[in-house]
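K.L.:
One structure follows; several queries about it will come next.
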Amino acid sequence: MSPFTSTSFGTTAYLQSVGTTGLGVATNFQYAGSGEMTQMTTPLGGVLQWTYRGFTYGTGIAVREVQNRYMPMYAGAVWWFGHDDAGDAGRPFHSYTQAGDSTGSKVWAFGTSPAGNLAVPTWNAERSPGNDDYQARGFSWTLDAAGNIYCNATAKYLNPSAPPTGLTSPSWPSSTTTQALVRTATSCSSRCTISAPGRRPGRTTSRM
């Protein structure tokens, strides 16, 4: 059954379990009517559950994606992730994904390749429960002589926390700060920029 329109396309069989030979235990799976996996139970009784949603990009392409993830046996524990839905409605891909729990979160940001035909990672960060960056890395992309895209440089931010007043936002990622980076090597020196919502990195180290 289509998860978009509920139209039926006939019947099919889903993988219900995967057993471990000789141990008599198995990992079990449950699905929604559309075939989207809603629960996995491990041999020791651990449970992961998922809910899904539809999302339409600025190109008009509609997709199904995970909306929530649950681990029921940990009462009060929260695992979450988010996107810039309002902005992504005008883009061909999610500009960032942030996933976290009570111990902190990780953020992955994406942009277009130099040729403009691919989505590529532009930076990622590890954040504290207070949403402060304590490690971040930026990626620079270019094309070789044959027109193939590759990552030609990275810049690592060390402990880029406690940004100056006015450069953070309690409603991240509604504010955006652009930070100039300096990349150095034995044979070249150049500058690049990285857009980090609501954060200004501190000192940096780099490698080319």
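The values are calculated or read from the model by the stated rules, or taken from the named source; none is laboratory data. Only a predicted model underlies this, so the values are computations on that prediction, with no experimental measurement involved. Every residue, glycine among them, receives a Cβ derived from its backbone with ideal geometry; neighbour counts consider all protein chains shown.
Residue-wise test of (1) assigned to a strand (DSSP E or B); (2) in contact with a helix residue (DSSP H, G or I) (Cβ under 7 Å, 6 or more places away or on another chain); (3) among the aromatic types (Phe, Trp, Tyr).
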position: Gly10; (1), (2), (3): no, no, no
position: Leu23; (1), (2), (3): no, no, no
position: Phe29; (1), (2), (3): yes, no, yes
position: Gln39; (1), (2), (3): yes, no, no
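K.L.:
Which of the residues that make up the stretch 1-32 are among the small types (Gly, Ala, Ser) and farther than 20 Å from Arg69 by Cβ?
P.N.:
Ser2, Ser6, Ser8, Gly10, Ala13, Ser17, Gly19, Gly22, Gly24, Ala26
K.L.:
State which residue is surrounded by the most Cβ atoms within 10 Å (Cβ to Cβ) when the search covers only the stretch 19-59 and only residues that are on the phi > 0 side of the Ramachandran plot and more than 29 Å from the chain's Cα centre (by Cα).
P.N.:
This residue is Gly24.
K.L.:
Which of (1) touching a Gly at 6+ places or on another chain (Cβ under 6 Å); (2) modelled with pLDDT of 90 or more is the odd one out, the single condition Gly58 does not satisfy?
P.N.:
Of the numbered conditions (1) touching a Gly at 6+ places or on another chain (Cβ under 6 Å); (2) modelled with pLDDT of 90 or more, the odd one out for Gly58 is (2).
K.L.:
So, in the stretch 100-123, exactly how many residues are of a type in the set (S, T, N, Q), part of a strand (DSSP E or B) and closer than 11 Å to Trp141 by Cα?
P.N.:
Of the residues in the stretch 100-123, 2 are of a type in the set (S, T, N, Q), part of a strand (DSSP E or B) and closer than 11 Å to Trp141 by Cα.
K.L.:
For the stretch 138-154, enumerate the residues that are free of Cβ contacts under 8 Å to residues at least 40 places away in the same chain, assigned to a strand (DSSP E or B) and either of a type in the set (Val, Ile, Thr) or surrounded by fewer than 18 Cβ atoms within 10 Å (Cβ to Cβ) (or both).
P.N.:
Within the stretch 138-154, Thr142, Leu143, Ile149, Tyr150, Cys151 meet the criteria.
K.L.:
For residues that are surrounded by 19 or more Cβ atoms within 10 Å (Cβ to Cβ) and charged (D, E, K, R), scanning just the stretch 85-136, find the one that is nearest to the chain's Cα centre (by Cα).
P.N.:
The extreme case among them is Arg127.
K.L.:
Just wondering, is there one or more residues in the stretch 7-18 that are in contact with a Lys or Arg (Cβ under 9 Å, 6 or more places away or on another chain), farther than 24 Å from Asp132 by Cα and loosely packed, with under 14 Cβ neighbours inside 10 Å?
P.N.:
No - not one qualifying residue is present in the stretch 7-18.
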